[in-house]
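This report concerns only the one structure given below.
The values are calculated or read from the model by the stated rules, or taken from the named source; none is laboratory data. From a predicted model like this one, the values you see are computed outputs, not experimental measurements. Here the Cβ positions follow ideal geometry from the backbone for every residue, glycine too, while neighbour counts run over all protein chains shown.
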Amino acid sequence: MTQYRYLHLDVFTDHVFGGNQLAVFPEPAGLDAETMQAITREMAYSESTFVFPAEDPRTAMRVRIFTPGRELPMAGHPTVGTAFALAHEGVIPAGQPEVVFGLGVGPITVRLRWEGSRLVFAEMQQLSPTFGDIVDPVAVVATMLNLDAHDIAESSPVQSVSCGVPFLFVPLRTRDAVDRAMVDVAALKRWVAQEIFVFSTEPGSDGATAYSRMFAPNLGVAEDPATGAASGPLGCYLVRYGLVRPEEAQRIVSTQGVKMGRPSRIHISIGADAPDRITDVRVGGNAVLVGEGVLRW
């Protein structure tokens, strides 16, 4: 009988049953890509990670990330969550200030903050942003989201942005519009071959900079409760279009997953010489261990 142990974490939250679920397989030796894909579908979380020995001398280990639909070159909540899992396992010694993971995009540094022997915050470095095509007319996007064109904010464009994985960012006027958004999957596949990230900067009682949702049916994820790979680009978008003041760019918070009943708080830090010259992109948060298990077949 084959068996593989995994850890179950909730990521971008400080309490169980919130944030985004993650399965981490710390000893996946012998698994091929097809089997890791099948395991991820079986786990039915947004992502699972598999931690292998380092392939690059600049890194401490190789981390492969799968969604139910396909493997990703990088992702946020799996990177942050894997750091917490390996700290729990003692693979990352208590007090170590950072670890470098080998992801599909290359070496990625994760900075670590501890309270005694307990890891309390992990912050990943992301790639510099690439701003892609602007989508127009916005009426097409509104229809795809089952919203009115008036729901889309006019202060900034509907645009693709990537810090490793591209997302289409759709600014909405209100948090209510964010909650009402509902993706027409057929229209999405017809018009946009990307994941959709909707957000509003309308203030709320949670004090967050942005109130967000992310839809990824192309990845086998109807909606994601916390998307770190989209949060870096979100911060870059907010800075580029003046939705966040320069003095606040290193203290951005995105609240995501509220509509799903799995609230997440994602911390974003953007360094920039000017709105169009971004020099540093970081995304971080907390995670909690929920349980452990073994898959057998």
field: In the stretch 257-280, the residues that are closer than 20 Å to His8 by Cα and surrounded by 14 or more Cβ atoms within 10 Å (Cβ to Cβ)
entry: Gly257, Met260, Arg262, Pro263, Ser264, Arg265, Ile266
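Restricting to the stretch 217-242, name every residue that is outside any helix (DSSP H, G or I) and buried (at least 24 other Cβ atoms within 10 Å of the Cβ).
Step one: of the stretch 217-242, the residues outside any helix (DSSP H, G or I) are 220-227, 241-242.
Correct list: Asp224, Pro225, Ala226, Thr227.
Of everything in the stretch 269-278, what is in contact (Cβ under 8 Å) with a residue 40 or more places away in the chain and under 18 Å from Val110 (Cα atoms)? Give them in sequence order.
Ser269, the sole residue that qualifies.
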query: What's the number of the condition Arg64 fails, among (1) part of a strand (DSSP E or B); (2) farther than 21 Å from Cys163 by Cα; (3) of a type in the set (Lys, Arg)?
result: (2)
task: Kindly indicate whether Ala249 is crowded, with 16+ Cβ neighbours inside 10 Å and under 29 Å from Glu27 (Cα atoms).
output: no
- request: Return only the number of the condition from (1) over 18 Å from Met260 (Cα atoms); (2) modelled with pLDDT under 95; (3) touching a helix residue (DSSP H, G or I) at 6+ places or on another chain (Cβ under 8 Å) that Gly232 does not satisfy.
  value: (2)
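Could you list, in sequence order, the residues of the stretch 147-173 that are assigned to a loop (DSSP other than H, G, I, E, B) and either touching an Asp or Glu at 6+ places or on another chain (Cβ under 6 Å) or at pLDDT 95 or above (or both)?
The answer is Leu147, Asp148, Ala153, Ser156, Pro157, Val158, Cys163, Arg173.
Conditions (1) crowded, with 19+ Cβ neighbours inside 10 Å; (2) outside any helix (DSSP H, G or I), marked per residue:
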| position | (1), (2) |
| --- | --- |
| Glu55 | no, yes |
| Pro78 | yes, no |
| Phe84 | yes, no |
| Ala87 | yes, no |
| Ala94 | no, yes |
| Gly102 | yes, yes |
| Pro107 | no, yes |
task: Among the numbered conditions (1) farther than 26 Å from Val281 by Cβ; (2) in contact with a Lys or Arg (Cβ under 9 Å, 6 or more places away or on another chain), tell me where Ala149 comes up short.
output: (2)
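In this structure, does Gly69 turn out to be surrounded by fewer than 18 Cβ atoms within 10 Å (Cβ to Cβ) and at positive phi?
Details: surrounded by fewer than 18 Cβ atoms within 10 Å (Cβ to Cβ): yes; at positive phi: no.
No.
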field: Failed item, numbered, when Asp136 is tested on (1) in a strand (DSSP E or B); (2) over 26 Å from Leu72 (Cβ atoms)
entry: (1)
- prompt: Residues in the stretch 143-180 that are more than 25 Å from Pro263 (Cβ to Cβ), surrounded by fewer than 14 Cβ atoms within 10 Å (Cβ to Cβ) and not acidic (Asp, Glu): how many?
  reply: 3
query: In the stretch 195-254, which residues are touching a strand residue (DSSP E or B) at 6+ places or on another chain (Cβ under 6 Å) and of a type in the set (D, E, K, R)?
result: Glu195, Asp206, Arg213, Glu223, Asp224
query: In the set Val192, Val183, Val283, which member is buried (at least 16 other Cβ atoms within 10 Å of the Cβ) and either touching a Pro at 6+ places or on another chain (Cβ under 6 Å) or at pLDDT 95 or above (or both)?
result: Val283
query: In the stretch 22-53, which residues are surrounded by fewer than 24 Cβ atoms within 10 Å (Cβ to Cβ), touching a residue at least 60 places away in the same chain (Cβ under 8 Å) and not in a loop (DSSP other than H, G, I, E, B)?
result: Ile39, Arg41, Glu42
